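Working notes, beginning with the structure itself.
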Number of protein chains: 4
Amino acid sequence: MLILVTNDDGVHAPGLAALAETLQELGHVVVVAPDRDRSAIGHALTLHAPLRADLLRPGVYAVDGTPTDCVNLGIHGLLTSRPDLVVAGINRGANVGDDITYSGTVSAAMEATLMGVPAIAVSLDGRTFSDAEFRHAARAALLISRKVLREGLPPDTYLNINVPAQPIRGMRLTRQGRRRYGDMVVEKIDPRGRKYYWLGGGACDFEQADGTDCHALGEGYISVTPLHLDMTNFQSFTFLAQWNADVVDV
Amino acid sequence: MLILVTNDDGVHAPGLAALAETLQELGHVVVVAPDRDRSAIGHALTLHAPLRADLLRPGVYAVDGTPTDCVNLGIHGLLTSRPDLVVAGINRGANVGDDITYSGTVSAAMEATLMGVPAIAVSLDGRTFSDAEFRHAARAALLISRKVLREGLPPDTYLNINVPAQPIRGMRLTRQGRRRYGDMVVEKIDPRGRKYYWLGGGACDFEQADGTDCHALGEGYISVTPLHLDMTNFQSFTFLAQWNADVVDV
Amino acid sequence: MLILVTNDDGVHAPGLAALAETLQELGHVVVVAPDRDRSAIGHALTLHAPLRADLLRPGVYAVDGTPTDCVNLGIHGLLTSRPDLVVAGINRGANVGDDITYSGTVSAAMEATLMGVPAIAVSLDGRTFSDAEFRHAARAALLISRKVLREGLPPDTYLNINVPAQPIRGMRLTRQGRRRYGDMVVEKIDPRGRKYYWLGGGACDFEQADGTDCHALGEGYISVTPLHLDMTNFQSFTFLAQWNADVVDV
Amino acid sequence: MLILVTNDDGVHAPGLAALAETLQELGHVVVVAPDRDRSAIGHALTLHAPLRADLLRPGVYAVDGTPTDCVNLGIHGLLTSRPDLVVAGINRGANVGDDITYSGTVSAAMEATLMGVPAIAVSLDGRTFSDAEFRHAARAALLISRKVLREGLPPDTYLNINVPAQPIRGMRLTRQGRRRYGDMVVEKIDPRGRKYYWLGGGACDFEQADGTDCHALGEGYISVTPLHLDMTNFQSFTFLAQWNADVVDV
């Protein structure tokens, strides 16, 4: 088995090391990860500039790009054969609800799926991110990875996994939750008198609806959310179908 | 009506100017756009650094961030009141199929939706991108924007609109297509002897399945694809439910 | 005459436009400037990544690099023949004293000098930077440029010119002044609880010694400081010569 | 003794580690270095954005800025007291001749000098950069650092030190050499059909004049070049003095 491991916290992050080490139980692991923290980078792909890949040590590449770049470059350029699995993580902090659209970790798994390679994204909830917690989360990633390698995944589908920091009560199959937005922007003045702005200065919260990733995580369960590439809202077709007539004379 | 206009080709792009000018028919337009080309940046959000907003001229802000940043900062920071609509575009080149996950234009509309503001993303297919074509696409954006302002959109749903370059035959309600990946990485050597890599060196192609955005566009129709925020693959729940028992002892 | 004009405030800056327009009196002007603000970038050269040059309109290139990159790429790549002169500016704000080592404007002139092309850097003091002031400074740049084209410059030497905002009393040949450093760092906490730092939060001041650039400028004179490439402190050779014996057994 | 160590190859570079470890013989060493490779960044200072400093481990900070930022932030923000010495290096590759104006390593020493702290920049010539070579260069840095701490440096003066890869024959006091420019730009086409440019594609060479840094280095000697902050070309004053009359009527 050949497993490509990446993340968005950067190639020097402890969560990546824990994951890569643990997955060696399943086969050969190659790390292709950003040379620095690229959190919240979403599914950004570097097309306007070329990429560099530094071989830091055998089996570990640092790329001056995004997690999506790493998966793309890894599969099409750096790895000598096609990987059997891509695992992204272990992210410092949960990736749940609508926030997964910003996540470099989840987007790395999305990119692998676009390339036809089974993929999972793994994140660790909490605040301390101790080595023990990372090892625990890596263990969960190992079990689920083994399952994926044996059973496969539905077409165009990847898994978003969140591991709680507290004692783990089990695992739950979940859906993507919703965020309640209290967001605001914080305006400041720099030492030279120019304004600048921080995004995300407000309180942040998730709807604690049953069945969601955030709810399961809050209850102490590992959340496993199957995601797919199709963002079409088919349910809205009926509503929108009537528009056609009105706007058709463009 | 207050309309926030943004894009991912940058604040100086002609497609943005055409769009902003045309939408003035509907109300007051404020442009908040990246200070430079930020194509393929996905739903990247700038959290680790603050943002700057330069008022280039009345109603036009250049932000040193991503399209997602522009929408977030515009709604929560720069605009004096909440916009009634966010329109992103007009992108140079179609945004169809799975490639929309990379698109800064589509992600800007996604961000507005997360903030509860109706939103559409508009892209122009083709290769020449003449002023006349941009005006034509802006006209289509105007008609659809008017419709959205009057009728609203289903919850958590935004529209991804692609306008063909050729004579327009009408409009079609579509779903997100699939890309056929022939991608590869192109390896090169720089003048100092170091390797570098270009992503996306292979042929690129979309499945021409009936009902998809790419198919409608290819036939000369404006494609209107309703997208939502939920990426959960509910159909996979049955398949994955059986896993629970096996992996539960994490 | 072929004149290459660049700056570090970016290709859309009004000071650049005033300069380029005014210098057309001397010959053909081509602008090659950074696509955005690259102030305080020093003599940074982009070697690890390639550059892009967008032809915004005839004779105006935007480059995604530093002022030094622009001069290098302009001379060796974009211009069809070797320029007779490189003029950088008009910078928003004076470039005097030790601060010139940070200046992208001054470094652009340095780069031209390294390439054997006569060069001057032009900066405007003050706070308002009105169009009238920029035109005034451009006029000064024109007169000095004409002189340089006629008389040449000493080998490996370029001119750093600062124009006062107030009514101009004349021109003075000056030396590089000294800064008195009251600098400090301002520590802040971002909305997510992480520290960040602004450089340069302290008062800033220049020694008002006779003969210096800052002194002349403060008195209302245009300062013209001839700079060269050699930073060797020859006067220190005597002091250091005695070291040789002691450290020679490395 | 408190010694601040930085570089421009990034905080994970082996040359930095060798230097920091060796200098512990002289006192307490704190590393404040860029979080990634920032070669050829010149004297760039980050004023438009704030900086982050991550404490990687006790006494080692990674800063998301330039070498100049690291020295500035280290002295004014991170270190608890003023350092007695700043040492930048060990750079992968020589920093000689006019190329020192591009060097982040040399600029770090320049920044310390601006802040009134004695400083040296250390670079290793060659191509292999083995651990043994870095240790050797670090040893040379140690000897010279000890000397600087004991004897001090002339006002506003810092040392640029280059260590040959081959067996070292001794040390020489040198002046800044000259580069012979055969530079050119290499134009390429990316996989999407857009042009891009590499700087520095030509042959590169230094004048082998006696007494220069590059000459000494080529002969197997450590070059020690005292540099100062004043770039004024005083010798050109006579030539330029006559201009005054002509251009004074600005």
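Miscellaneous remarks
- The packing ranking of peptides B:220-228, A:65-73, highest mean first, is A:65-73, B:220-228, where packing means the average number of other beta carbon atoms within 10 angstrom of each residue.
- Measuring max minus min along each principal axis, the C-alpha atoms of the stretch A:65-180 give extents of 39, 31, 28 Å (largest first).
- Set of lysines near C:K195 by C-alpha distance (under 17 Å), chain-local residues within fewer than 8 positions excluded: A:K188
- Rounded to the nearest 20, the Cβ-based charge dipole of chain C about its Cα centre (Lys and Arg +1, Asp and Glu -1) stands at 520 debye.
- In this calculation the C-beta distance from B:T80 to C:L79 is compared with R0 = 35 Å, giving a FRET efficiency of 0.15.
- Pairwise Cα distances in the protein assembly as shown exceed 58 Å for 13 percent of all pairs.
- Under the simplified labelling scheme, the C:A209-B:R194 pair shows an inter-label distance of 3.9 nm, with each label point 7 Å from Cα along Cα→Cβ.
- Positive end of the dipole of the stretch C:68-204 (Cβ unit charges, origin at the Cα centre): among C:V185, C:I168, C:G116, the Cα lying farthest that way belongs to C:I168.
- As computed over the stretch B:1-160, the Cα convex hull volume per residue (Å³): 100 Å³
- Under the convention that each Lys and Arg Cβ holds +1 and each Asp and Glu Cβ holds -1, the size of the dipole of the stretch B:101-195 around its Cα centre is about 300 debye.
- Label spacing, shortest first and in nm, from D:D230 to its equivalents in the remaining copies (7 angstrom along Cα→Cβ): 1.5, 7.5, 7.6
- Shielding of B:119-125 by partner chains, average beta-carbon count, 10 Å: 0
- Mean projection of the Cα convex hull over all viewing directions, computed for the stretch B:137-226: 8.8 nm².
- For the residues A:G93, A:G218, A:G77, a GNM of chain A with alpha-carbon springs under 10 Å puts the largest fluctuation on A:G77.
- In chain A, the beta-carbon sitting nearest the axis that superposes A on B belongs to the residue given here with its distance in angstrom, A:G42, 2.
- Using equal-weight Cα scatterers in the Debye expression, the normalised intensity of the stretch C:132-183 in log10 at q = 0.17, 0.31 Å⁻¹ is -0.70, -1.30.
- Computing FRET efficiency as 1/(1 + (r/R0)^6) for C:R139 and C:L2, where r is the C-beta to C-beta distance and R0 is 22 Å, gives about 0.60.
- Each of B:A132 and C:D230 was given a label point 7 Å from its Cα along the Cα-to-Cβ line. The distance between the two points is 6.4 nm.
- Largest GNM mean-square fluctuation across A:H12, A:H28, A:H48, computed for chain A with C-alpha springs under 10 Å, falls on A:H48.
- Whole-Å semi-axes of the stretch D:42-128's equivalent ellipsoid (Cα gyration tensor): 22, 14, 14
- 10 °C / 1.306 mPa s Stokes-Einstein diffusion coefficient of the stretch B:89-129, Kirkwood radius on C-alpha pairs, µm²/s: 150 µm²/s
- Globularity ratio of the stretch A:1-53, using Cα Rg and 2.2 N^0.38 Å: 1.24
- Take B:P14, move 7 Å from Cα toward the beta carbon, and the resulting point lies 2.7, 5.3, 5.5 nm from the same point in each other copy, nearest first.
- Structural size metrics of the stretch C:26-80, computed from C-alpha coordinates, are Rg and Dmax of 11.0, 36 Å.
- Assigned charges on the beta-carbon of Lys, Arg, Asp, Glu; the protein assembly as shown dipole about Cα centre (debye): 0 debye
- Taking label positions 7 Å along the Cα-Cβ direction at both C:E151 and B:Q24, the computed distance is 5.1 nm, reported to one decimal.
Here, each number is a calculation from the coordinates, and none is a lab measurement. Since the structure is predicted, the reported quantities are computational estimates derived from the model, not experimental observations. Note that each Cβ is placed from the backbone with ideal geometry, even for glycine, and that neighbours are counted across all protein chains shown.
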